[in-house]
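The values are calculated or read from the model by the stated rules, or taken from the named source; none is laboratory data. On a predicted model such as this, the values are computed, not experimentally measured, just so you know. Heads up, the Cβs are rebuilt from the backbone with ideal geometry, glycines too, and the neighbour counts pull from every protein chain shown. For the accessible areas, the whole protein counts, side chains as well, though only heavy atoms, and no ligand, DNA or RNA atoms are used. Shrake-Rupley method; radii C 1.70, N 1.55, O 1.52, S 1.80 Å.
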Amino acid sequence: MEVQTEKNDDFHSEDFVTQTSYNSFGIKYLYPWQRLVVANILEAYEYQKNISDYEEVRDEDDSFCKGRQIVLLPTGAGKSLCFQLPALILDGPTLVIYPLLALMSDQQRRMQEGCLRSVIFRGGQSREERRENFRLIGEGAQIILANPEVLQSEELLEKLKSVNIKHIAIDEAHCCSEWGDSFRPAYLGLGKVIKTLNPPMITAFTATASPKVLSRVSEILFESQAHIVRSDSDRQNIHYFVRYASAKKKEALYLAKTEAHPMIIFCGTRDKTEDMAKELNLCFGQGSARFYHAGMEKAEKDETEKWFYESKDGVLCATCAYGMGVDKKDIKTVVHIEASPTAEAYIQEAGRGGRDGSIAKAILIWSLEDSLNYSVYEAGSREAAMREFAETKDCRRQVLLDALGAEKAVCSGCDLCNNRQNPPKKKRLADWEYAFKILKKSRNFYSEDEIEDELYDRLNKTYRKALGVNVWTHRDTVEVVKQLKDSGKVEEDNFLWKGRLRVCKNKKALSQKSG
């Protein structure tokens, strides 16, 4: 296929791929891993063209795997270029499978800016819309965008089979494992889609995957026969921190004041995103924060995305619906009020920061309640990794890399390694640590109501110095004391000092460490 590109006289490369990259995207240099993935795709295509009967080589593992690859590239490493660039060179269209409709639309806009012609197939389209798409494909559209659900249509698959698709790229491929076995069964059908279309090349892209997830993705898509292309999993410009707090929203307010912006605060539910944004606006002024979740109308999402994309000091409170494909490069801080379900998910979401290569902080807020909830998971499981990350005394970065089955690395930044190198002059106590210190010093002096009132006054005084307003409520202090009791750190005396709180000496309390 002849690539129609704009002539550029100020840059010339003897390498056709590099020149095409510059002509179409203004990119003069491909990172080594991008170069490797693109080369694999183009070489596999040439290899398959020279095989008269592809089915005859299925039993030759190396030959069959050629053109079937799973690519692990860190968030922000430029994986889109790995399939967009070959799409300009191949003599047939590339099918790109995305998990979210909003992501498909956003990527189509970006592709058009890069001289790529594309069409979208989604549910609910009329026959006229589908006919128009196939007309555009016939006229040379290089990219076909679709989600797993629409590809379950046998009628659509048969028509796509006729357009001679050369490459299938599956973005966010870890969704095959994360969602396919739960609420997106269409992901389990992608293996059938691949068999039906039978293109020369298939590439599955993901930023994070543990060995278990990687094995499941390979099983679903490639019958467990695929080459693995893994780059360095460590994003060294992401620095990991854990802050301990029982009243998590109050800690998030403190972080919003003291840490760099733009900032994302990931929340566990839609209601929590709205509530967090409301508190931020009350504390710092209307318009300082917005929320984002899957329950919003498309126009609302678009407007919020535009606001945050252009903002230099905004705070976005979001569920994981804001994440995949986000291309805001200057996010400085990513806060998690709730831990992600797995280490892979956490790395994926934390990786929204620092995509411009600058230093970004990823801060997890961890409570005594979290420690109890995560203690039910078996040691070594994917879910247990988040508790180990939050409570390790070694290196947080290495815990995440170990969870991915990745390499050992010298830590470029986490709170624990930083503190060992430069011990802080003064330790900032977590809210529950502050309460525990008071109760330990004044054993059998406070009832629950009394310590809650004492905390209300003291913590408001402390936070008022940083935030300028009182933010603590009695409900917050009740939660602090409740978690202390639930964790086994304090208990109510039922004998001489009936109704008074004391530190537990004969019970094994949870091991916690302040950040």
Completion exercise
With the charge dipole of region 205-301 built from beta-carbon charges (+1 for Lys and Arg, -1 for Asp and Glu) about the Cα centre, the Cα from Ala299, Ala245, Ser210 projecting farthest to the positive end belongs to Ala245
Exercise for the section: Rounded to whole Hz and in sequence order, give me ³J(HN,Hα) for region 423-430 from the Karplus expression 6.51 cos²θ - 1.76 cosθ + 1.60, θ = phi - 60°, writing x for Gly and Pro. Expected result: x, x, 5, 9, 7, 8, 7, 5
Completion exercise
Spelling it out for Ala169: with amide H atoms placed in the peptide plane at 1.01 Å from N, the residues 5 or more places away or on another chain with amide H under 5 Å from its amide H are Leu95, Val96, Ile97, Thr203
Exercise for the section: Hey, for a label at Leu496 modelled as a point 7 Å past Cα toward Cβ, could you say which residues of region 423-452 have their backbone N under 13 Å away? Expected result: 443-445
Completion exercise
Given backbone amide H placed at 1.01 Å from N, residues whose amide H is under 5 Å from that of Phe266, ignoring those fewer than 5 places away on the same chain, are Ala318, Val335, His336, Ile337
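When ranked by the protection proxy of mean other Cβ atoms within 10 Å per residue, highest first, what sequence do the peptides 291-300, 89-98, 139-148 form?
Values: 291-300: 15.5, 89-98: 21.6, 139-148: 19.6.
With the highest mean Cβ count within 10 Å placed first, the list reads 89-98, 139-148, 291-300.
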Problem - Estimated distance in nm for a label pair at Lys465 and Thr258, the labels positioned 7 Å out from Cα along Cα-to-Cβ - result: 1.1
Fill in the blank from the handout: In whole Hz, the Karplus estimates of ³J(HN,Hα) for region 95-112 (6.51, -1.76, 1.60; θ = phi - 60°; x where Gly or Pro) are 9, 10, 9, 10, x, 10, 4, 4, 5, 4, 5, 5, 5, 4, 4, 5, 5, 5
Exercise for the section: With a 1.4 Å probe and every protein chain left in place, work out the accessible area per residue of region 204-359 in Å², rounded to a whole number. Expected result: 38
Practice task
Report Lys192's accessible area, 1.4 Å probe, all protein chains in place, as a number in Å² to the nearest 10.
Solution key: 120
Problem - Interatomic Cα distance distribution for region 373-421, bins of 5 angstrom, percent - result: 4, 21, 29, 23, 13, 8, 1
Completion exercise
For the chain, the longest principal axis of the Cα atoms and the Cα long axis of helix 474-486 enclose an angle in degrees, to the nearest 10, of 90
Fill in the blank from the handout: Dividing the helical contributions, -39500 (n - 2.57) per DSSP H run of n ≥ 4, by the residues of the chain yields a 222 nm value, nearest 500 deg cm²/dmol, of -13000 deg cm²/dmol
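Of the peptides 356-362, 378-384, 24-30, how do they stack up when ordered by the mean number of other Cβ atoms within 10 Å, highest first? Write down the numbers at each step before the final one.
Details: 356-362: 17.7, 378-384: 12.4, 24-30: 15.6.
Packing order, densest peptide first, comes out as 356-362, 24-30, 378-384.
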Practice task
Go through 342-352, 443-453, 486-496 and give me the packing order, highest mean Cβ count within 10 Å leading.
Solution key: 342-352, 443-453, 486-496
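In terms of the Cα gyration tensor, with a ≥ b ≥ c the square roots of its eigenvalues, is region 76-187 rounded because a/c is under 1.5, prolate because a/b exceeds b/c, or oblate?
Details: a/c = 1.63, a/b = 1.11, b/c = 1.47.
Note, shape of region 76-187 comes out oblate.
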Handout entry: Estimated D of the chain in µm² per second, where Rh is the Kirkwood radius over Cα pairs and Stokes-Einstein applies at 25 °C, 0.890 mPa s
Key = 97
Exercise for the section: Please give the helix 32-49 orientation as an angle from the longest Cα principal axis of the chain, in degrees from 0 to 90, rounded to the nearest 10. Expected result: 30
Exercise for the section: Using θ = phi - 60° and the Karplus relation 6.51 cos²θ - 1.76 cosθ + 1.60, list the HN-Hα couplings for region 438-443 in order, rounded to whole Hz, with x at every Gly or Pro. Expected result: 5, 5, 5, 6, 10, 4
Fill in the blank from the handout: Cα-Cα longer than 22 Å, checked against Lys248/Lys505; Lys250/Lys332; Lys257/Lys332; Lys166/Lys301; Lys437/Lys485, kept in input order, equals Lys248/Lys505; Lys166/Lys301
Completion exercise
The FRET efficiency for Glu303 and Lys441, from their Cβ-Cβ distance with R0 = 45 Å and rounded to 0.05, is 0.30
Problem - Alpha-carbon centroid distance for the pair region 238-268 / region 392-442, whole angstrom - result: 15
